[in-house]
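J.: Mind having a look at this structure? Questions to follow.
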């Protein structure tokens, strides 16, 4: 059996995607119309929380089993969005880990 090809998954997701982002005790919600790339997501998150740099953060999401799953690249984001259009993201400062 061949492995699934997720390279075009970003184009397959239609409709709104809700990002529920938490940084510390602050929670923000935003709606986007397509799956972001990893770099786009980091930039969005750093802007909504007014963080100095998108390079100093680590992102995880909560899956349907309430496990924290690391978001490390575009494939991780595409997989998460393929499971649900509500993405619950936790933002961590790399300098505080």
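No value in this document is a laboratory result; all are computed from the given coordinates. Because the structure is a prediction, the values reported are computed rather than measured. No Cβ is skipped: glycine too gets one built from the backbone with ideal geometry, and neighbour counts run over all protein chains shown.
J.: As a footprinting exposure proxy, order 47, 28 by other Cβ within 10 Å, with the fewest listed first.
T.: Numbers: 47 11, 28 15.
Fewest-to-most ranking of 47, 28: 47, 28.
J.: With the contact rule set at Cα under 8 Å and sequence spacing of 6 or more, what percent relative contact order holds for the range 11-96? Intermediate results must be reported in sequence, preceding the final value.
T.: Values: 137 pairs, mean separation 31.5, N = 86.
About 37 percent, as a whole number.
J.: Sort 69, 27, 17 so the one with the fewest other Cβ atoms within 10 Å of its own Cβ comes first.
T.: Values: 69 15, 27 11, 17 20.
Least to most surrounded, the residues fall as 27, 69, 17.
J.: Here's something else I'd like to know. Would you mind checking the range 77-97 for residues with the amide N under 19 Å from a putative spin-label position 7 Å along Cα→C-beta of residue 28?
T.: In the range 77-97, the label zone of residue 28 (backbone N under 19 Å from the point 7 Å along Cα→Cβ) covers 86-96.
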